[in-house]
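First up is the structure itself, then whatever we jot down about it.
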Amino acid sequence: MAHHRNRYAGNFVIRFNISVSYADGSAAATVAGPPDLVAFEAAYDRSVARFETELRMTDILFLAWHSLKRQGKTSAGFDDWLNTVEDFQMDGAAEVPPSETPASTG
């Protein structure tokens with residue numbers, strides 16, 4: 001478990017690649033990163049460190065929704081957005097050393 005904590009202690013930035021298919025036939029791909037992970041922890045009062053042993057569909061879909069909302073690709077609330085989702089796929093988590101992450105422009 002200690003190796004997992006190190007990833008959140010500044011050694012790596014965790015990003016989740018998530019693709020969503022909607023009932024209307026459209027699709028979206030997004031990368032959920034630190035802002036989305038922090039929002040998840042605040043919304044569910046659960047540490048993302050628990051993803052290693054307990055990752056729920058709700059967790060993945062919340063990360064996708066939050067990432068898409070943050071990027072301005074949806075304005076719907078989570079439940080309304082979720083009602084439009086037909087399928088999703090998570091391509092896995094990528095551990096990116098902080099020196100390789102783009103600098104914030106905002």
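The values are calculated or read from the model by the stated rules, or taken from the named source; none is laboratory data. Source: prediction; values computed, not measured. Don't worry about glycine lacking a Cβ; one is built from the backbone with ideal geometry, like all the others, and counts go over all protein chains shown.
When each of ALA39, ALA49 is tested for being assigned to a helix (DSSP H, G or I), within 11 Å of the chain's Cα centre (by Cα) and of a type in the set (A, V, I, L, M, F, W, C), the lone residue that passes is ALA39. Within the stretch 75-84, none of the residues are more than 9 Å from the chain's Cα centre (by Cα), of a type in the set (Asp, Glu), at pLDDT 95 or above and surrounded by 12 or more Cβ atoms within 10 Å (Cβ to Cβ). Step by step: first the residues of the stretch 11-26, then only those that are loosely packed, with under 14 Cβ neighbours inside 10 Å, in contact (Cβ under 8 Å) with a residue 40 or more places away in the chain and in a loop (DSSP other than H, G, I, E, B), then the one that is farthest from the chain's Cα centre (by Cα). Which residue is that? Per the stated criteria, the residue is ASP24.
Sub-9 Å Cβ pairs linking a first residue in the stretch 70-84 that is small (Gly, Ala, Ser) to a second residue that is part of a loop (DSSP other than H, G, I, E, B), at least 6 apart or interchain, are ALA76/ASN83; ALA76/THR84, ordered by first then second residue. Here ALA29 meets each of (1) assigned to a strand (DSSP E or B); (2) modelled with pLDDT under 95; (3) surrounded by fewer than 15 Cβ atoms within 10 Å (Cβ to Cβ) with one exception, condition (2).
The residue pairs whose first member lies in the stretch 35-62 and is over 19 Å from GLN89 (Cβ atoms) and modelled with pLDDT of 95 or more, whose second member is outside any helix (DSSP H, G or I) and of a type in the set (Gly, Ala, Ser), and whose beta carbons are closer than 8 Å, counting only pairs six or more residues apart or on different chains, are GLU41/SER47.
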